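Just below is one structure, and these are the notes that go with it.
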């Protein structure tokens, strides 16, 4: 029988499970095969929408693994799917362009407002 209190036994069990999952992730990442690591369907859908962070969160929650392991799995999946990786990079570039566009508009409006405020004084 285990002489540890229930909470400590559970924590040790969780750490052991996390270590086992980490080893499994390492094997998937370093086995050199062209087979991609299986991701939950919701994570794949998030990647197809261009949302890498959401995919990492889904993998982390469904697999009950750490953040680094989840990110490594998603990265390995993307490396095995170059078409998806290109679409994801294109979506991220488009999002950056949209941000820059809005920032330029905001700064222009701020400059116009500052001009009118200065003229009023």
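Structural remarks
- Pairwise FRET efficiency - residue 53 versus residue 114, Cβ, R0 = 35 Å, nearest 0.05: 0.50
- Footprinting exposure proxy for 74, 112 (fewest neighbouring C-beta atoms within 10 Å first): 112, 74
- Counted by neighbouring Cβ atoms within 10 Å, the residues 81, 60, 101 run from fewest to most as 101, 81, 60.
- Binning the C-alpha pair distances of the range 82-121 at 10 Å intervals from 0 yields a P(r) profile of 28, 26, 20, 15, 9, 3 %, listed from the shortest bin outward.
- Extension gain for residue 94-residue 62 works out to 8.6 nm (0.36 nm per residue, less the C-alpha to C-alpha distance).
- Annotation: the residues 59, 44, 117, sorted from fewest to most other C-beta atoms within 10 Å of their own C-beta, follow the order 117, 44, 59.
None of the figures in this text is laboratory data; all of them are computed from the coordinates on show. Only a predicted model underlies this, so the values are computations on that prediction, with no experimental measurement involved. All Cβ positions, glycine included, derive from the backbone under ideal geometry; neighbour counts span all protein chains shown.
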